Amino acid sequence: MTRSDADQLRAVGWSDREIHDACQVVAYFNYVNRLADGLGVDAEDWLA
């Protein structure tokens, strides 16, 4: 994410808090997915 990305979000009404929260959620899911991949965790059958 660049400053330009954040500026575009602000231009459509996002607050700094909302941008921060979105970044935190995306980072957390990225972390969990990489951890699961690294440990060889398979997706639940209902996700396929």
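The values are calculated or read from the model by the stated rules, or taken from the named source; none is laboratory data. Source: prediction; values computed, not measured. Every residue, glycine among them, receives a Cβ derived from its backbone with ideal geometry; neighbour counts consider all protein chains shown.
What to note about this one:
- Residue in segment 14-37 that is free of Cβ contacts under 8 Å to residues at least 12 places away in the same chain, loosely packed, with under 10 Cβ neighbours inside 10 Å and not in a helix (DSSP H, G or I) present: no
- As a summary of the residue check, ALA43 satisfies the conditions (1) exposed (fewer than 10 other Cβ atoms within 10 Å of the Cβ); (2) modelled with pLDDT of 95 or more; (3) among the aliphatic types (A, V, I, L, M) except for the one numbered (2).
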